[in-house]
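Here is the structure we will look at.
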């Protein structure tokens, strides 16, 4: 009767791959305007105006703020897009990532 409850070996050993995650942060600087930071948060991190302003103030007050946690490939793409957009607009704003 116990043999009926056992799974075949190939099914028991199969592991599920959990996608790797990455946290994205914006860093404060003395030159980027607050309006530009709000614009970045709304464009790239899908924040509404109210949430974007609150996050912008965290960046300004604490030096950095968590913008979101994403799967690795999406997070890297967002980070690179934010940094390129900042450079293209002559701002030194940096988006950094940390693996989780």
Consider residue 47 against the criteria (1) closer than 20 Å to residue 99 by Cα; (2) out of contact with any strand residue (DSSP E or B) (no Cβ under 7 Å at 6 or more places or on another chain): it satisfies all of them except one. Which criterion is unmet?
(1)
Among the helices (runs of 4 or more DSSP H) contained in the chain, which hold 3 or more residues that are modelled with pLDDT of 95 or more and surrounded by 12 or more Cβ atoms within 10 Å (Cβ to Cβ)?
34-44, 49-62, 72-88
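The values are calculated or read from the model by the stated rules, or taken from the named source; none is laboratory data. Fair warning: this is a prediction, and the values are worked out from it, not measured in the lab. Glycine also receives a Cβ, built like all others from the backbone with ideal geometry; neighbour counts cover every protein chain displayed.
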